[in-house]
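Enquirer: After the structure tokens below, expect a handful of questions from me.
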Amino acid sequence: SSSDTEVHRGLAGVVADTTSISKVVPETNSLTYSGYPVQELCAKCSFEQVAYLIWHGELPTEDQLRGFVETERSQRELGSATLEILDRLPTTCHPMDALRTAVSVLGAEDETEDEPGREANLAKAQALYAKLPTIMAAFYRRRQGLDRIAPDPSLGFSENVFQMCFGKVPAPEIVAAFDTSMILYAEHSFNASTFAARVVTSTLSDLYSAVTAAIGALKGPLHGGANEAVMRMMLDVGDADRAVAWLDEQLAAKQKVMGFGHRVYRNGDSRVPTMKEALIKVAGLTDGQQWLDVYQALEQAMLDRKNIHPNLDFPSGPAYYLMGFDIDMFTPLFVLSRITGWTAHILEQQAANSLIRPLSAYTGPEQRPVP
Ligand code: SDX
């Protein structure tokens, strides 16, 4: 019977496989990529170096980095089929739908989609990493009724994102804050979207199918969609003076407060202090004190009322807002970064595959004859 089967709802606490990509230690609020603390990576490395690390397990030498960056810059442009299909999407669709569709098109166009092996799949992963910003910016510009801006191969990854969206690169401190968000979002063990990618990969399906599944999983507000929900919430609060009353109303109505809590961390998210610091810098350069005040007030109130800490989406939401991105572009920005972690996990799953197929405990009617 089902009563003697232990059920782990939401797979909470279940260790589903091994990984060598990153390690989360909730007890010490620590996160390392291949052993390197993310705070140190943010202080000393570019997102490009960290992307290399996530795929290769080691930081690049100067030569390796040069080659890696050159490849990324040379692969940013999109083919005409992808651009045409993006042009046919309703401008009212969520940009995550545009990313998901474009990745699907890239898979359909890739005649070697099913080619097995690490080398072939790493090349596909790097091409997606190079093209996703171009896809996002193309959709954004079209929606604004503006001409597309081609990728600029003289610019770094993060600078180029700004250039393609807005036609200009902001102050280096703003670009650095954005780069920090990319490093912090890159990888986080068996989160829901990464696990979705691994489930698809475990059937020996292709990398593009796994990435589209991951994009779909990330879109939800309990996962990546939270960074958008955070900013909508902050706009609704409006002023720090209203934060406590606003929060009490939400909690009384049993509403989840976006950007707070985490399945793994119970005493704070290892990435928040670094991203909060970046937000403070951005706010200082963009007249953003109002949102910093709302941030502080909500953070304090949530600790007082529920003893629940913010997660990474809490500081990144207002940071992206102050950088000038539309709110519904925030989760796509998460994708630009997490494509590295997702595909590293896809490669890891391919290298030592076992079909992911758990059991369920049946609770329906006992067996009975069909009348
Ligand atoms: C990401 O897994 C990852 O690593 C994800 C991620 C990554 O890098 O990939 O870190 C990115 O997805 C961050 C999370 C973004 N989501 C949100 O900010 C949405 C709001 N957060 C919550 O819905 C919630 O905290 C979750 C979904 C993140 C975690 O949910 P759990 O582990 O299932 O916990 P729970 O919902 O069962 O909460 C436990 C208790 C409950 O109270 P009790 O019933 O025990 O009294 O804490 C309360 C919850 O009500 N609680 C909250 C809350 N989060 C937890 N109450 C109000 N607001 C919240 N945000």
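Computed from the coordinates by the stated procedures, all read-outs in this text should not be read as laboratory data. As the structure is a prediction and not an experimental result, all values here were calculated from the model. Don't worry about glycine lacking a Cβ; one is built from the backbone with ideal geometry, like all the others, and counts go over all protein chains shown.
Enquirer: Under a GNM of the chain (C-alpha, springs under 10 Å), which listed residue has the highest mean-square fluctuation: 326, 17, 110?
Expert: 17
Enquirer: OK, next. Taking the alpha-carbon set of the range 121-206, what are its Rg and Dmax in Å?
Expert: Reported Rg and Dmax, both Å: 15.5, 46.
Enquirer: Pick out, in residue order, every one of the GluC sites (Glu not before Pro) in the range 101-151 that is DSSP loop and has at most 16 other C-beta atoms within 10 Å; say none if there are none.
Expert: 111, 113
Enquirer: Something else: Label-point separation (nm) for residue 300 and residue 111, each offset 7 Å from Cα along Cα-to-Cβ?
Expert: Simple spin-label model gives 6.4 nm for this pair.
Enquirer: Less than 30 Å apart at the alpha-carbon level, and either on another chain or at least 8 residues along: which lysines does that give for residue 44?
Expert: Within the straight-line cut-off, residue 44 pairs with 23, 124, 131, 168, 276, 281.
Enquirer: Could you work out how much longer the chain between residue 256 and residue 14 gets when fully extended? Use 0.36 nm per residue separation minus the Cα distance between them, nm to one decimal.
Expert: Between residue 256 and residue 14, full extension yields an extra 84.7 nm.
Enquirer: Report the relative contact order of the range 226-322, percent, no decimals, based on alpha-carbon pairs under 8 angstrom and at least 6 residues apart.
Expert: The normalised contact order for the range 226-322 reaches 45 percent.
Enquirer: Based only on other Cβ atoms within 10 Å, what is the fewest-to-most ordering of 99, 155?
Expert: 155, 99
Enquirer: Identify, among 165, 186, 154, the residue whose Cα sits farthest towards the positive end of the charge dipole of the range 130-192, taking +1 on the Cβ of Lys and Arg and -1 on the Cβ of Asp and Glu, with the dipole about the Cα centre.
Expert: Value: 165.
Enquirer: With the dipole of the chain worked out from charges on the C-beta (+1 for Lys and Arg, -1 for Asp and Glu) around the Cα centre, which of 65, 86, 309 lies farthest toward the positive end?
Expert: Value computed over the given set: 309.
Enquirer: What is the extension gain from residue 5 to residue 44, computed as 0.36 nm multiplied by their sequence separation minus the C-alpha to C-alpha distance, in nm to one decimal?
Expert: That works out to 9.2 nm of additional length.
Enquirer: Let me ask another. Just check the range 226-322 against the gyration tensor rule for me: Cα atoms, a ≥ b ≥ c as the square roots of the eigenvalues, rounded for a/c under 1.5, and otherwise prolate or oblate depending on whether a/b exceeds b/c.
Expert: oblate
Enquirer: Also, I was wondering about something else. Most exposed first by the Cβ proxy, i.e. fewest other Cβ within 10 Å, how do 22, 30, 193 rank?
Expert: Going from sparsest to densest Cβ surroundings: 30, 22, 193.
Enquirer: For the range 149-238, what's the relative contact order in percent, using C-alpha pairs closer than 8 Å and at least 6 residues apart?
Expert: After rounding, I find 16 percent.
Enquirer: Find which of 212, 321, 255 sits farthest along the positive direction of the dipole of the chain, computed with +1 on the beta-carbon of Lys and Arg, -1 on that of Asp and Glu, about the Cα centre.
Expert: Sorting the options by dipole projection puts first 255.
Enquirer: Ok, one more. 222 nm [θ] for the chain, helices only, -39500 (n - 2.57) per DSSP H run of 4+, per residue, to 500?
Expert: That calculation yields -18500 deg cm²/dmol at 222 nm.
Enquirer: May I ask you to compute the full-extension gain from residue 351 to residue 154, defined as 0.36 nm times their residue separation minus their alpha-carbon distance, rounded to one decimal in nm?
Expert: 67.4 nm
Enquirer: Any chance you could get the radius of gyration and Dmax over the Cα atoms of the chain, in Å?
Expert: Calculated on Cα positions, Rg and Dmax stand at 21.1, 74 Å.
Enquirer: Now for a separate question. Work out the length of the dipole vector of the chain about its Cα centre, built from +1 on the beta-carbon of each Lys and Arg and -1 on the beta-carbon of each Asp and Glu, and round it to the nearest 20 debye.
Expert: 700
Enquirer: Same structure again: Could you list 215, 85 so that the one with the fewest beta carbons within 10 Å of its beta carbon is first and the one with the most is last?
Expert: Going from sparsest to densest Cβ surroundings: 85, 215.
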